[in-house]
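Read the structure below first, then the notes.
The values are calculated or read from the model by the stated rules, or taken from the named source; none is laboratory data. All of these numbers come straight from a predicted model, not from anything done at the bench. Cβ placement follows ideal geometry from the backbone for every residue including glycine, while neighbour counts extend to all protein chains displayed. Please note that ligands, DNA and RNA were not included when accessible areas were found on the heavy atoms of the full protein model with its side chains. Shrake-Rupley method; radii C 1.70, N 1.55, O 1.52, S 1.80 Å.
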Amino acid sequence: MFKRTLAILAATAFWFVFVCVLWVLALRVFPPPVTWVMVTQSNELGSVQREWVPLDRMADNMPLAVIASEDQRFLHHHGFSWKAIRKAMEYNEKKKGKKVKGASTISQQTAKNVFCWPGRTFIRKGLEAWFTVLIETLWSKERIIEVYLNVAETGKGRFGAQATAQACFKHSSERLTVSECALIAAVLPLPRKFNACAPS
């Protein structure tokens, strides 16, 4: 009985890893078809705005603006910023839960957006960490930022830099100015509250 249980667990673990690796490898080449948040927003609003644009067809300042605002060590870490995690833990300990500060890197946010569902459960955070390791191993940094800039929520019902560029500035993400890139990056922490079309 013990050997059979062990064999089942080993087979389950093998197939879990195998499927995850295949999934991540597929999305290294193909755009993610949909995310959990997109489905949720579509159900709430009736539809969402989204158009996939390759990184080389975006303004150079778009990834720079996002890295500057969200994760300045993006090109140097391997998916996790331990320094930021430590600072967030110290901050949250002082605030005693009044205002929770996160420490997610762009890689973690990409893994969460593409492969996981919203929430703060240990299972979801564990899967986020697992997929962060996989995309950092199997994707390039360019691919990670490209996927992030196409799936991140950039406004109510809008996903990706292209959707907000067209909705707010009436042109493609390739023609975004420095200030427009900064406006899109600025709404990322609270995309349903902040609006790049009408900044406060």
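Could you please find all residues in segment 133-151 being more than 20 Å from Phe16 (Cα to Cα), open to solvent by 10 Å² or more (accessible area, probe 1.4 Å) and among the polar types (S, T, N, Q)?
If the condition is that a residue be more than 20 Å from Phe16 (Cα to Cα), open to solvent by 10 Å² or more (accessible area, probe 1.4 Å) and among the polar types (S, T, N, Q), then Ser140 is the only one that fits.
Which ones in segment 31-75 are more than 13 Å from Leu149 (Cβ to Cβ), surrounded by fewer than 16 Cβ atoms within 10 Å (Cβ to Cβ) and of a type in the set (A, V, I, L, M, F, W, C)?
Val34, Trp36, Val39, Leu45, Ala68, Leu75 - these are the residues of segment 31-75 that are more than 13 Å from Leu149 (Cβ to Cβ), surrounded by fewer than 16 Cβ atoms within 10 Å (Cβ to Cβ) and of a type in the set (A, V, I, L, M, F, W, C).
Do we have Ala103 as at pLDDT below 95, surrounded by 12 or more Cβ atoms within 10 Å (Cβ to Cβ) and within 15 Å of the chain's Cα centre (by Cα) here?
yes
Considering segment 163-194 alone, what residues qualify as being in contact with a strand residue (DSSP E or B) (Cβ under 8 Å, 6 or more places away or on another chain), more than 18 Å from Ala68 (Cβ to Cβ) and modelled with pLDDT of 95 or more?
Answer for segment 163-194, where residues must be in contact with a strand residue (DSSP E or B) (Cβ under 8 Å, 6 or more places away or on another chain), more than 18 Å from Ala68 (Cβ to Cβ) and modelled with pLDDT of 95 or more: Ala163, Gln166, Ala167, Cys168.
Looking only at segment 66-84, decide whether some residue is without any contact (Cβ under 8 Å) to a residue 60 or more places away in the chain and under 27 Å from Arg175 (Cβ atoms).
Looking through segment 66-84, at least one residue is without any contact (Cβ under 8 Å) to a residue 60 or more places away in the chain and under 27 Å from Arg175 (Cβ atoms).
Among the numbered conditions (1) over 22 Å from Cys181 (Cβ atoms); (2) within 19 Å of the chain's Cα centre (by Cα), tell me where Leu22 comes up short.
If we test Leu22 against (1) over 22 Å from Cys181 (Cβ atoms); (2) within 19 Å of the chain's Cα centre (by Cα), just (2) comes out false.
Of the residues Trp117, Trp82, Trp130, which single one is modelled with pLDDT under 95 and either out of contact with any Lys or Arg (no Cβ under 8 Å at 6 or more places or on another chain) or surrounded by 20 or more Cβ atoms within 10 Å (Cβ to Cβ) (or both)?
The conditions single out Trp82.
Which of the residues belonging to segment 49-72 are in a helix (DSSP H, G or I) and over 16 Å from the mean Cα position of the chain (by Cα)? Walk me through it before giving the result.
Initially, segment 49-72 is screened for residues in a helix (DSSP H, G or I), giving 55-57, 61-70.
Residues satisfying the conditions are Asp56, Arg57, Asn61.
Would you point out which residue out of Met1, Met58, Met38 is aliphatic (A, V, I, L, M) and in contact with a Ser or Thr (Cβ under 6 Å, 6 or more places away or on another chain)?
Numbers: Met1 fails: in contact with a Ser or Thr (Cβ under 6 Å, 6 or more places away or on another chain); Met38 fails: in contact with a Ser or Thr (Cβ under 6 Å, 6 or more places away or on another chain).
Result: Met58 is the single residue among Met1, Met58, Met38 that is aliphatic (A, V, I, L, M) and in contact with a Ser or Thr (Cβ under 6 Å, 6 or more places away or on another chain).
Those residues that are in contact (Cβ under 8 Å) with a residue 60 or more places away in the chain and either more than 14 Å from Val37 (Cα to Cα) or hydroxyl-bearing (Ser, Thr, Tyr) (or both), I need them from segment 145-163; list them, please.
If the condition is that a residue be in contact (Cβ under 8 Å) with a residue 60 or more places away in the chain and either more than 14 Å from Val37 (Cα to Cα) or hydroxyl-bearing (Ser, Thr, Tyr) (or both), then Ile145, Glu146, Val147, Tyr148, Leu149, Ala161, Gln162, Ala163 are the ones that fit.
Keeping to segment 152-200, report how many residues are out of contact with any Cys (no Cβ under 7 Å at 6 or more places or on another chain), assigned to a loop (DSSP other than H, G, I, E, B) and open to solvent by less than 30 Å² (accessible area, probe 1.4 Å).
7
Conditions (1) within 29 Å of Lys141 (Cβ to Cβ); (2) open to solvent by less than 70 Å² (accessible area, probe 1.4 Å); (3) of a type in the set (Ser, Thr, Tyr); (4) out of contact with any Ser or Thr (no Cβ under 8 Å at 6 or more places or on another chain), marked per residue:
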position	(1), (2), (3), (4)
Thr5	no, yes, yes, yes
Ile8	no, no, no, yes
Phe16	yes, no, no, yes
Leu27	yes, yes, no, yes
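Could you tell me whether Pro31 is within 20 Å of Arg143 (Cα to Cα) and in a helix (DSSP H, G or I)?
Here the answer is no, as Pro31 does not meet what is asked.
Of the conditions (1) of a type outside the set (Val, Ile, Thr); (2) open to solvent by less than 40 Å² (accessible area, probe 1.4 Å); (3) within 20 Å of Val187 (Cβ to Cβ), Cys20 fails just one. Which one is it?
The single condition Cys20 does not satisfy is (3).
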